[in-house]
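Participant: Below is one structure. I have some questions about it.
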Amino acid sequence: MEQEAVVLALIRQSASSKVVTVRKPRRCCSPVVGRFRQTPLRSAPEFTRFRSIVCISSPQSKNLPKGGTLQKVHLTLANCVISPNASNKLIQSLPVEQENAELEAQVQRKSSGTGSKKDKHLADTTKVAVSLSPQRHAAKQKHIRLLPPNEALVLAKREIDRAPSVNEDPYLYAPIFRNVSVFQRELNKKGKDPLNIESTDSSQILKPGDNALTLESYELMEMTLKVYIYRDGSRPIFHKPFLKGIYASEGWFMKLMEENKQFVTKDPEKAHLFYLPYSARQLELALYVPGSHNLKPLSNFLSDYVNKIAAKYPFWNRTHGSDHFLVACHDWGPYTVTGHEELTKNTIKALCNADLSEGIFISGRDVSLPETTIRVPRKPLRYLGGNRASLRPILAFFAGNMHGRVRPILFGYWGVGKDEDMKIYKRLPLRVSQRMTYIQHMKSSKYCVCPMGFEVNSPRIVEAIYYECVPVIIADNFVLPLNEVLNWSAFSVVVAEKDIPRLKEILLSIPLEKYLTMQKNVKMVQKHFLWNPRPIRYDLFHMILHSIWFNKLNQIQTPQT
């Protein structure tokens, strides 16, 4: 059992520590050294060192030092051992590092059946989950950064493999994440690829669980990852981000990556990953001949670029491109890589067109890139938000061009005039848009239908998330964006193409309580799909980079111990 007491404490904040005064429930406290754990509402446990200096005679005491506040805290005797029968005697006080080592040794002796009764009692009373102290975290970070890149990646992989099942980050909402560690173990038992998501069939998406592995791998990314960006390549195809429209994701990632100081290194020998900073959209604008239906010039151009950097630098040839990555959101992104075998088979590709059926996108190595529509590059977060659930009278909404195999079928069954609850349009008619705009329709609908067009992805998926409308995804063989960590079944509905005739039946069968939960989850996942001009933790820039990092680690085979 963990030895812990709920006590009243006087908190005085200082630059280096928190000074805490503890009052025991029965008798006046004596000076002790230990840890306290604050438990504010909706916040992760926070462990901080404290020193008890004064006793408080009454919770109602008015003689509080300046700047002090009374708080209820959970006291855990982790840094010291206080005799159970002593009221005022300090038995032992250890430095953190020595304490941790001794406690670990004593717990090991207990588990092996050896050691004294005192050891066993101590092990029982000190089983606490404590996050790394800042000193140990800094030491670990320094150790990793001193390692050669390959060794650092192996170490990171091992750390992730043994990540504990805890979530102590108040900024992550657990239900929208999938349990990646359980997912890997379950599929590995069957001899399958750990991240081989066959399709968007909802039966294959796991139930929500803890997101411990996401936290661990994300923190390791922040601690470890260094990316080298090739300066080779001329504008506009290279180094000129396209920041507007439905293909803006590749441009925003390029912009923020090239401006980044935390992850970017100018020394390629220190790099864990190498970024090919090209724009598939700019490549199309520069080289594609309209109406020719010939993408060969695009793939040949990128193949020549890879051959040049492979001849100029040793880095590509060391791994045959497996530690290189590219980010392409244009529908033709996958086809721009087909002119080079190693680029196609080895390089990590973050693609909006994440279609498993074409054999270019490989699940578990490549990353499904969210397709974000940016209307005003200077204000990428404009129009966010939507109506609450009670102010969403429309059951389902879609408006768009009738290209691709799915949309004509959708319109044939549910088009204008077929059903009052289903607002399914080709392009939104002027008479309708004058009364309610496209964005207002999404903000006023319970479900936003996101059928594939020419390719599997649709910008409506992220638009729905922006406007807090539950996305209904219709695209077989589509690997959902950021599927490595996000549990899409918690905030979306996936409908097989063959079930389009049953679309209304499927939506009406969802209980109100479940819909309200999904709509709440849409709000909670929204921050992971935002382009911030100055990136912040867990936003879309970091989530994409994390997925690239995670899939690189996924390729590393570590020996079983």
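Participant: Could you give every pair whose Cβ atoms fall below 6 Å, whose first residue belongs to the range 147-162 and is over 15 Å from Val227 (Cα atoms), and whose second residue is of a type in the set (S, T, N, Q) and at pLDDT 80 or above, counting only separations of at least 6 or pairs across chains?
Facilitator: Ala156/Thr224; Ile160/Ser217
Participant: So is Leu187 crowded, with 21+ Cβ neighbours inside 10 Å and either within 30 Å of Arg382 (Cα to Cα) or modelled with pLDDT under 95 (or both) or not? First the steps, then the outcome.
Facilitator: Numbers: crowded, with 21+ Cβ neighbours inside 10 Å: no; either within 30 Å of Arg382 (Cα to Cα) or modelled with pLDDT under 95 (or both): yes.
No, not satisfied.
Participant: If you don't mind, there's one more thing I want to ask. If I go through the range 507-517 residue by residue, how many of them are surrounded by fewer than 20 Cβ atoms within 10 Å (Cβ to Cβ) and either among the basic types (Lys, Arg) or within 17 Å of Met442 (Cβ to Cβ) (or both)?
Facilitator: Here is the first cut: in the range 507-517, the ones surrounded by fewer than 20 Cβ atoms within 10 Å (Cβ to Cβ) are 508-517.
From what is left, the residues that are either among the basic types (Lys, Arg) or within 17 Å of Met442 (Cβ to Cβ) (or both) are 514-515.
Of the residues in the range 507-517, 2 are surrounded by fewer than 20 Cβ atoms within 10 Å (Cβ to Cβ) and either among the basic types (Lys, Arg) or within 17 Å of Met442 (Cβ to Cβ) (or both).
Participant: Which of the residues spanning the range 481-499 are of a type in the set (S, T, N, Q) and buried (at least 22 other Cβ atoms within 10 Å of the Cβ)? Talk me through it step by step, then tell me what you get.
Facilitator: Residues of the range 481-499 of a type in the set (S, T, N, Q): 483, 487, 489, 492.
If the condition is that a residue be of a type in the set (S, T, N, Q) and buried (at least 22 other Cβ atoms within 10 Å of the Cβ), then Asn487, Ser492 are the ones that fit.
Participant: Another question, then. Quick check on the range 431-456: of everything there that is charged (D, E, K, R) and either touching a residue at least 40 places away in the same chain (Cβ under 8 Å) or surrounded by 17 or more Cβ atoms within 10 Å (Cβ to Cβ) (or both), which residue is nearest to Leu395 (Cα to Cα)?
Facilitator: Restricting to residues being charged (D, E, K, R) and either touching a residue at least 40 places away in the same chain (Cβ under 8 Å) or surrounded by 17 or more Cβ atoms within 10 Å (Cβ to Cβ) (or both), the top hit is Lys446.
Participant: Something else now. Pull out all pairs, ordered by first then second residue, where Cβ-Cβ is under 7 Å, the residues are six or more apart or on different chains, the first lies in the range 341-368 and is over 16 Å from Pro481 (Cβ atoms), and the second is of a type outside the set (Ser, Thr, Tyr) and assigned to a strand (DSSP E or B).
Facilitator: Thr347/His324; Thr347/Phe325; Thr347/Leu326
Participant: Which residues, counting only those in the range 369-396, are touching a residue at least 12 places away in the same chain (Cβ under 8 Å) and over 29 Å from Arg281 (Cα atoms)?
Facilitator: The answer is Gly386, Asn387, Ala389, Leu391, Arg392, Pro393, Ile394, Leu395, Ala396.
Participant: Restricting to the range 433-452, give me the number of residues that are more than 14 Å from Val472 (Cβ to Cβ), of a type in the set (Ser, Thr, Tyr) and out of contact with any Leu (no Cβ under 6 Å at 6 or more places or on another chain).
Facilitator: 3
Participant: Counting only residues that are among the charged types (D, E, K, R) and in contact (Cβ under 8 Å) with a residue 24 or more places away in the chain, which one in the range 518-541 is surrounded by the most Cβ atoms within 10 Å (Cβ to Cβ)?
Facilitator: Lys523
Participant: Does Leu395 satisfy being outside the structural domain of Ala280 (by TED's automatic domain parsing) and at pLDDT below 95?
Facilitator: no
Participant: I want to confirm something. Restricting to the range 307-337 and keeping residues that are part of a helix (DSSP H, G or I) and of a type in the set (Gly, Ala, Ser), which single residue is farthest from Ala280 (Cα to Cα)?
Facilitator: Here the residue is Ala311.
Participant: Residues of the range 427-465 being assigned to a loop (DSSP other than H, G, I, E, B), of a type outside the set (Ser, Thr, Tyr) and over 17 Å from Gln526 (Cβ atoms), which ones?
Facilitator: To start, the set of residues in the range 427-465 that are assigned to a loop (DSSP other than H, G, I, E, B) comprises 427-429, 434-437, 444, 452-459.
Filter again for of a type outside the set (Ser, Thr, Tyr), leaving 427-429, 434-436, 452-457, 459.
The answer is Arg427, Leu428, Pro429, Gln434, Arg435, Met436, Met452, Gly453, Phe454, Glu455, Val456, Asn457.
Participant: Then there is this: Give me the residue from the range 385-426 that is part of a loop (DSSP other than H, G, I, E, B) and touching a Ser or Thr at 6+ places or on another chain (Cβ under 9 Å) and, out of that set, surrounded by the most Cβ atoms within 10 Å (Cβ to Cβ).
Facilitator: Gly386
Participant: Can you find a residue in the range 478-489 that is touching a residue at least 12 places away in the same chain (Cβ under 8 Å) and either out of contact with any strand residue (DSSP E or B) (no Cβ under 9 Å at 6 or more places or on another chain) or of a type in the set (Gly, Ala, Ser) (or both)?
Facilitator: To start, the set of residues in the range 478-489 that are touching a residue at least 12 places away in the same chain (Cβ under 8 Å) comprises 478-489.
Now narrow it down to the ones that are either out of contact with any strand residue (DSSP E or B) (no Cβ under 9 Å at 6 or more places or on another chain) or of a type in the set (Gly, Ala, Ser) (or both): 489.
Within the range 478-489, one or more residues are touching a residue at least 12 places away in the same chain (Cβ under 8 Å) and either out of contact with any strand residue (DSSP E or B) (no Cβ under 9 Å at 6 or more places or on another chain) or of a type in the set (Gly, Ala, Ser) (or both).
Participant: I need a count of the residues in the range 245-276 that are among the charged types (D, E, K, R) and either crowded, with 16+ Cβ neighbours inside 10 Å or assigned by TED's automatic domain parsing to the domain that holds Leu153 (or both).
Facilitator: 2
The values are calculated or read from the model by the stated rules, or taken from the named source; none is laboratory data. Quantities reported herein were computed from a predicted structural model and do not represent experimental measurements. In this analysis, Cβ positions are derived from the backbone assuming ideal geometry, glycine residues included, and neighbour counts consider all displayed protein chains.
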